[in-house]
Structures are given as C-alpha cells and as structure tokens.
Amino acid sequence: MVSVGTVPGPIQSIERAAAMLRLLARGSGEYGLAEVAASLGLPKGTAHGILRTLQRVAFVEQDEETGRYRLGAALLHLGTSYLDANELRSRSLNWADALAARSGQEVRIGVHHDGAVLVVHHVFRPDDTMQTLGIGAMLPLHATAFGKVLLAYDADLSAATRRRELTSLTRRTIVTPQSLERVLTQVRAAGWANDAEEYLPGEASIAAPIRAPGGLVVGAIGISGSVDRICDSASRAKPALVSQVASAAEAISRALSD
Amino acid sequence: MAQRYVMAIDQGTTSTRCILFDQSARLVSVAQREHRQYHPRPGWVEQDAVEIWRNVDRIMPHALRDAGVSADQVVALGITNQRETAVVWDRHTGVPVGRAIVWEDIRTEDLVGELGARPGSDAVRDRCGLPLATYFSAPKLRWLLDNTPGLRDRAERGDVLFGTMDTWLIWNLTGGVSGGLHVTDVTNASRTMLMNITTQQWDDELLSFFDIPARLLPEIRPSTEIHGRTSRVVPGITIAAALGDQHAALFGQTCFAKGETKCTYGTGSFLLMNTGEQLVKSEHGLLTTIGYQIGGEPATYALEGSIAVTGSLVQWFRDKLGLIQSAPEIETLARTVTDNGGCYIVPAFSGLFAPHWHSEARGIIVGLTSYISKGHLARAVLEATAWQTREVVDAMTAELGVASTALKVDGGMTADHLLMQTIADVLDVPVLRPMVAETVSLGAAYAAGLAVGYWPDLEGLRRNWHLAARWTPQWNAADREDEYANWKRAVELTFGWAKPRRSR
C-alpha cells in the first residue's frame, strides 16, 4: 500500500554517507577523520558520527594502528550471504538454550539455502531422551513455521516458491499459491509463524524472525514438538509458547546488533 | 514477591561477562565486553587490569537493565575468572604497578629454567601439585618483583597487593582503597605454586623457594562463602562465591562425584576430573588441583589436563593471518575442503602444556605442499584442538586404567559443529553438550546460590543438567590411528626449538 501524505525529501545524512563512500573509493583509499570532514565541508563531529555508523555496518573499516578510514570488506560482498551461518549459530547459542529450557521443546534455527530451510542449529528437547542432532537437515519452505518466516520477509523467494509446485506432505500442507500468500501476510502482521501437522503428522512448530541490525531477516528460530504440546485444541499455537519464541528471536536480534 | 536471580561475573582471558540466572538455571540476560590483549614482545601477553575493572563497572548495570531486574532481586554474586594471571597494585591508590601478566605469557622461561636447576626444586611439585612452568602465578610474580624498580621494597613494606583476577575484582567491588577485601579462593590459590596442596595454606618453603614476601598475598577462603557485599558499581549485592573458571565449569557441569569429568573449550581448553577427597599425584603429565571447596567442608580435589592454545589459535588465524573475519567462520572455511590435505598445525605458542610440559616447544605448520589451501589450514586449526583433547584424554585414561565412555563439553567453542564432530571422531566416544554452554558462569552462579540457600543442595543442581546436543563418532579406526600417528610426529617436531637467551 502506498501511504498518502507528504513524500519525504532526501535524507541529508544518507547523502553525506554516500559522498563519504565515494571519497574513500578515490586515490589512496585511506583518509583520516580531519581529511574526510574537510573534503566534504562537514564539522568533525558530524563526519565522525557518520563514519562510526558506516563502520558499524562494515561499509567502512578503521585501521587499528593509524586510525585512518577505508572502505570495508562488506561492500565487496553486498550480493552474497549477509551473515555467516556458523556465526549465526555461535551468536544464538545462549538464547536457543534458554528457549529450549523454558519451553521444554526442541529448538532449531533455520536459514534459507537453495530453495529450502537449512537447519544450522539444533538444541535437544530437555527431557534427556535419545535424540539425534539435526544440524544440516533441510526442511521445506512452504510446510514449516521456519520456512514461512523466511518466505514472509523475502519477496523474491516467496514469489519463486509460489511459482513452483507446492508439494503436499500431509493432508494439511498448504498447496495453493493463494493460500500461501494469505498465510505469509498474516505472518508479517503477527511477527511469527506456525505449522500444525503441515510437514509431519502429529508435529507442530512455532518460529519467529531473527533480524540483523537494520531489520534484515537472516534466519528463523523456533520450537517443534507434538501437536498437543505446541497447540491448543483448536490447532492454534499456544500463546505462552509464541511469546517465548518471539522473545528468543528478539534477544538474538539484539545480540547481533551488539 | 518479585522474582529473584543469581548473578555471575566471568572474568575470562579475552572478555568479561555478567550473566543473570533464574532458579531453573536458565540464562536471563548477558552483558559482555572484550578487553585488549597486549603482545609487546614475542611470547609476552599482558592485560590492563584497570580496563577489566571498568568493563565490570559497565556490564553489571547492563545485565540488570536488560533483564529489568533491580539489585535487590539479586540474591548472590559468584565470581569466576581466568586463572594464574598475575596483577600487583598499590593498596593506597588502587593503581596496578604495571600490566597484568597473563597465564599464556612465557617471559619467565629462563627464570623457570634457573629455578628448576636449584636445589629443592624437586620438592616443589610435591608441595603444590604443579610442575615448574611459566604458566603459573609464582614465576610471574617473581618476575614483577625482579623487574619493577622499587617493587620489592614496597612489597616488604606492605604497600602493594598481589592477586589473580578474582582477588582484584573482589578488592575493588568491596571498596578498593576504602576497605576492599584482599581475599582469594582455594582453587585460584591452587594455581599460584605458592599454596600447599595438602594443607591449602600458603607454604613457607614455597614462598622462600620463589623468594616472595608473604605480605603481598591475599587470604585464602573456601570457594563458596559469604565474602562480603559490594559497595561499588551495584552496591549491596552479596558476594557468595569465587572460583577459577575451570573449577566453576566443573561445578556448572555438576561433576560432583568422584570420576566425573568435563572439558571446557575457550581460549585454551581444560579437562578436569573430580577425584573426591583424594589427592592424586599424576604420573602422566596432569596437574593436581583443587576442584572446589564448599564452605565448612573439606576440599574436593581434581586432576587437570591443561591445553594452552585452542580458541586462541582461531583468534590468531583471524587477527594475525586475517584469513577469516570472525571466529565462527573458521568452520565455514574448513568446510570448503573435506580433509586436512596432509597439513597439521601444532600451536605450541606458549610451549606445550599437558601432557608434555615442554616450555621450549614452539608452534609449527607441517605437511605443506602447493596443494594446501586456506581451507586445509582451517581444518588443521580445528583438528589441533581435537588432537590436543585426545592427548589429555589418553593421559587421564593412563592415570586411571579405564577409558571414559563419553566426554562432557562446554564453552564458546561448542558452537562449532564441525569441531565437536571432529572431537567425537578422534576420541571415538560421544561428545555431550549440556543445555547451558556458559557453564563457567553457571558454575559460579551455582556456587553462590548454594552459599545463600537459593538452591538447597548439590542433588537439586544435578536435576538442572539436561543434554542439549550429542555428537557421535563417524571415522573408521584405521583413519583415526593414521591421523593420530601423524599428529604425534608433528608434536615431536615442536620440541627443543627455543634456546635460552645468551646472557648479556
């Protein structure tokens, strides 16, 4: 939907940031703070604030020895994967454990890989029964809570998935593009997704998005278990579990911005 | 009534963390800050104790704020710390006399060589349970006394204080120059080489052997005991436990029974086995140490296999070689290849610790051919941690005459899936990770919570332990034995490299 009202003008700090990147791309490629400020006619404080922000998103690096600024490595890899999956696991470890302990369910973290959900982290259900580590497993995007979260915040991936045949895995799997689209809209509105016997009979999941600084969704964290433990009698996800999953997702997103 | 929590401060080698736990041992909030490592000369590793104290000053309020918890909801604080790292400061100003000398630092190698040649050196190990090595606090403290102008006089006059990081933090938290407590716990004291491992008191003969004035030393206390209350940063919190990080991890893994073992993967890695009230002297290169001491009870002993360089090898790969951007990317890089390509890295950066104790060893990369890519090097980095674990596990097996059937692990590196799988492969036993990877902090919290009755007893703590992940061995026996033989040959190549400096 297009919002009605005043169209905002250009945002000055973004223009200045763009000018800084152009500046750093020139000549020797290394500039001190005073040189950046002088080159762009900015007060040092303003230039410093913008450089620090660019450094935070890794578009700019600062030399540890000389304190001079240069373009960051992230600029070269803008099109490739934004957050390393192993780093995501490492930064999520504490919160995934806490979610498993709190919910009493198994916890997984999934990222998109090659048209499916790749499980990059798995914490056992805390009941000390024999379980198998599921890291590296692939899950279908359209039939799992994890996949729905990844689809809901990735328009390209969502369009591509809806063009493909949506394989029926149980009698409750979503198989039409229209109903998938409708569900993804709900996911965006609610901020979480679930599946109830859409992937495996008797199994249900709840998942929420993990966001990198700036809001980009880089993965989904969720819990899975038997449908009677995850859902109420009307096959709706239990609110207490939803809020635990959402809190864990928020805690990880916060940790990623530290 | 408002929910109540226990706070842990984990003052580690590279960062300091403050974590709040609830009664079910679930992590509620965590705040963390890294501190700078100084490498002024080859083999020297230093830290700024004031920077570490400032970090504590920031993370304690931060952890409370994140959880929306007030100080009066915190029933106890447990402090755990990197061990052996030595700091000396002025008791009147609170200012350290220089940077802290970190446990990995090997500047005292020549001094240790001289001490080892002196009469009486044979008795040192019997008295303190440790071999003469650069690793422990006493040689570092002696070095500071010998090399800081005027320090010995100030020490004799009682103007300066010595401590490991637990002592430094408790002194500061309880008031610093205005009445700060100068105490340490028995586990930290057991790493100095100055404590008698049998009596658990400072030992006059050890003090005279290392020529260290007794006035410098803190009072030795049990690991769990009400030490006092914080008067700074967040005032009014009861400090109810202090113990070295590896001892805290043993506690956090609930290894309360004789024979129970854990391995913690951090900057270095440390395998500890609870040996109960029995003091076991190792024939196989392991250390005798105090596991923990609950106030009013006899100390529980432990055997330890210390590995100096594991996580720090990954950091070296990141910071000094620049082949990865972040530590977890080592796994991504290692997965670009399927094996080590014949390449082995033995990270004897601080000599080799257990079970070899070769302080003159230095690191090598061996097996290089033009085939080797950075992916193979990344594999070799991870495998170095796995094989070093195998060596200390084998030493533990030789000591006991029975092999273990699984390895309980914890620490930040347990997030590395490929590493954990490789450890299972080289050990040929399952590797088990508990629900809280931050076991060091959890152990400090447990010890503190136990002291104030937040948790009733050890059995109650045991029930909080749940399995979070299990890696099962996949290699075949022939490959494992071939690789182990290669690793052992690589280790032998590191021996005898460093030569004593020519006297000037």
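The values are calculated or read from the model by the stated rules, or taken from the named source; none is laboratory data. Computed from a prediction, not measured in an experiment: that's the story for all the values here. Heads up, the Cβs are rebuilt from the backbone with ideal geometry, glycines too, and the neighbour counts pull from every protein chain shown.
If only one of B:R83, B:R33, B:R26 is within 14 Å of another protein chain (Cβ to nearest Cβ) and touching a Ser or Thr at 6+ places or on another chain (Cβ under 9 Å), which one is it? Outline the logic, then answer.
Values: B:R83 fails: within 14 Å of another protein chain (Cβ to nearest Cβ); B:R26 fails: touching a Ser or Thr at 6+ places or on another chain (Cβ under 9 Å).
The unique qualifying residue is B:R33.
Within region B:240-284, the set of residues being among the basic types (K, R) and in contact (Cβ under 8 Å) with a residue 60 or more places away in the chain comprises B:K262, B:K281. Taken across region A:221-236, residues that are assigned by TED's automatic domain parsing to the domain that holds A:V123, at pLDDT 95 or above and over 20 Å from A:L200 (Cβ atoms) do not occur at all.
Yes or no, residue by residue, for (1) in contact with a Phe, Trp or Tyr (Cβ under 6 Å, 6 or more places away or on another chain); (2) more than 14 Å from chain A (Cβ to nearest Cβ):
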position	(1), (2)
B:V381	yes, no
B:E399	no, yes
B:L407	no, yes
B:L427	no, yes
B:L442	no, no
B:A445	yes, no
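Within region B:361-405, the residues that satisfy the criterion of being under 23 Å from B:G266 (Cβ atoms) and either in contact with a Lys or Arg (Cβ under 8 Å, 6 or more places away or on another chain) or of a type in the set (D, E, K, R) (or both) are B:R362, B:R379, B:E383, B:R390, B:E391, B:D394.
For region B:147-179, what are the residues that are assigned to a helix (DSSP H, G or I) and of a type in the set (D, E)?
Matches in region B:147-179: B:D153, B:E156, B:D166.
Has region B:375-386 got any residue that is in a loop (DSSP other than H, G, I, E, B), among the basic types (K, R) and on the phi < 0 side of the Ramachandran plot? Talk me through it step by step, then tell me what you get.
Step one: of region B:375-386, the residues in a loop (DSSP other than H, G, I, E, B) are none.
No, that holds for no residue.
In this structure, is A:L83 modelled with pLDDT under 95 and away from chain B (no Cβ under 11 Å)? So that I can check it myself, show each step before the final result.
Details: modelled with pLDDT under 95: yes; away from chain B (no Cβ under 11 Å): no.
Considered against the rule, which asks whether it is modelled with pLDDT under 95 and away from chain B (no Cβ under 11 Å), A:L83 comes out as no.
For A:R26, the stated conditions hold: it is basic (K, R), loosely packed, with under 12 Cβ neighbours inside 10 Å and not in a helix (DSSP H, G or I).
Output the strands (runs of 3 or more DSSP E) that fall wholly within region A:192-258 and possess 3 or more residues being under 17 Å from A:V123 (Cα atoms), or say none. Strands (runs of 3 or more DSSP E) meeting the threshold: A:203-211, A:217-226. Comparison of A:M130, A:M138 shows that the only residue that is surrounded by fewer than 23 Cβ atoms within 10 Å (Cβ to Cβ) and either under 16 Å from the mean Cα position of the chain (by Cα) or within 14 Å of another protein chain (Cβ to nearest Cβ) (or both) is A:M130.
Apart from one condition, A:K148 fits all of (1) away from chain B (no Cβ under 14 Å); (2) farther than 14 Å from A:S205 by Cα; (3) basic (K, R); the exception is (2).
Counting the residues of region A:86-114 that are away from chain B (no Cβ under 11 Å), surrounded by fewer than 24 Cβ atoms within 10 Å (Cβ to Cβ) and not in a strand (DSSP E or B) gives 1.
If you go through region A:115-130 and keep only what is in contact with a Leu (Cβ under 8 Å, 6 or more places away or on another chain), part of a loop (DSSP other than H, G, I, E, B) and at pLDDT 95 or above, you end up with just A:F124. Scanning region B:1-56 for residues that are at pLDDT 95 or above and of a type in the set (D, E) yields B:D10, B:E46, B:D48, B:E51. With respect to the conditions (1) surrounded by fewer than 19 Cβ atoms within 10 Å (Cβ to Cβ); (2) out of contact with any Asp or Glu (no Cβ under 9 Å at 6 or more places or on another chain), A:R171 falls short on a single one, namely (2). Within region B:145-168, the set of residues being crowded, with 24+ Cβ neighbours inside 10 Å and closer than 18 Å to B:Q47 by Cα comprises B:F162, B:G163, B:T164, B:M165, B:D166, B:T167, B:W168. Please verify whether B:L333 is outside any loop (DSSP other than H, G, I, E, B) and either on the phi > 0 side of the Ramachandran plot or within 14 Å of chain A (Cβ to nearest Cβ) (or both), treating the condition exactly as stated. Yes; evaluated as a whole, the condition is true for this residue. Scanning region B:446-474 for residues that are within 26 Å of B:H417 (Cα to Cα), surrounded by 17 or more Cβ atoms within 10 Å (Cβ to Cβ) and touching a residue at least 40 places away in the same chain (Cβ under 8 Å) gives B:N464, B:W465, B:A469, B:R470, B:W471, B:P473.
Among residues of region B:1-13 being more than 14 Å from chain A (Cβ to nearest Cβ) and either under 23 Å from B:G443 (Cβ atoms) or of a type outside the set (A, V, I, L, M, F, W, C) (or both), the one that is surrounded by the most Cβ atoms within 10 Å (Cβ to Cβ) is B:M7.
Selection of region B:235-289 for residues being of a type in the set (V, I, T), surrounded by fewer than 24 Cβ atoms within 10 Å (Cβ to Cβ) and not in a loop (DSSP other than H, G, I, E, B) yields B:T238, B:T261, B:T275, B:T288.
Do we find a residue being of a type in the set (K, R) and in a loop (DSSP other than H, G, I, E, B) anywhere in region A:67-76?
The initial filter retains those residues of region A:67-76 that are of a type in the set (K, R), namely A:68, A:70.
Among the residues that remain, those that are also in a loop (DSSP other than H, G, I, E, B) are: A:68.
Within region A:67-76 (the criterion being of a type in the set (K, R) and in a loop (DSSP other than H, G, I, E, B)), the answer is yes, since at least one residue qualifies.
Helices (runs of 4 or more DSSP H) fully within region B:391-504 that include at least 2 residues being farther than 30 Å from B:E297 by Cβ: B:417-427, B:477-494.
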